[in-house]
Amino acid sequence: MLMEKLGLSYGDANSLVLFVLKTDVQLAAKEKGLSTKDALDEIYSGPKANLRLIHEKLMRAIQQFGEYEIVMKKGYVSLRRKRQFAMLGPATNTRFERGINIKNIEPDERLVEQPAGSMCNYKVRLINTDQVDDIVESWVRRAFELAG
């Protein structure tokens, strides 16, 4: 409704709804006194626990790029500079997805282009840490640099 009647983008509409309903994990974590690690433990619990290894490998690479902000969400982690450059989290019990904001990228079977107006231009689907290679790291580095 916010998108249709007010012309908000998906991201803006989603942020407004999360703020109003106070369902954002960042707010909930503050109210409960949870740390980022605790919030990650919730995201990667049960059958999704093995996907945390992919998350951690990506984060080790991203930490080398420079300063950025981590914003915990209900089912994923948003990484921001002046704007969001990546989203990390489990898509299913067996597949990890990383959303990236990047343009003019070479086609790759791991890339899934998202519709215009989505929170990220592409999703990268990964099922194991071996898929976090130089190409995947170069995509997120480029997204990081473009985010300002």
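Each value in this text was obtained by applying a stated rule to the coordinates, not by laboratory testing. Predicted, not measured: the structure shown is a model, and the values here were computed from it. We place every Cβ from the backbone using ideal geometry, glycine too, and count neighbours over all the protein chains shown.
Under the definition of Cα pairs under 8 Å and six or more residues apart, what whole-number percent is the relative contact order of region 86-148?
Relative CO of region 86-148 lands at 33 percent.
Starting from 0.36 nm per residue, how many nanometres of slack lie between residue 133 and residue 9 once their C-alpha separation is accounted for?
Difference between extended and current length: 41.4 nm.
Based solely on C-alpha atoms, express the radius of gyration and the Dmax of region 74-148 in angstrom.
My reading of the Cα-based Rg and Dmax gives 11.6, 33 Å.
Enter the per residue convex hull volume of the chain, computed from alpha-carbon coordinates, in Å³ rounded to the nearest integer.
For the chain, the hull spanned by Cα atoms encloses 123 Å³ per residue.
Between residue 103 and residue 60, what length in nm is gained on full extension when 0.36 nm per residue of separation is reduced by their alpha carbon distance?
Result: 13.1 nm gained on full extension.
Taking only C-alpha pairs under 8 Å that are 6+ residues apart, what is the relative contact order of the chain in percent?
Over the chain, the number comes to 21 percent.
Below 12 angstrom from the Cβ of residue 80, what's the summed charge of the other residues (Lys, Arg +1; Asp, Glu -1)?
After counting each charged neighbour, the total is +2.
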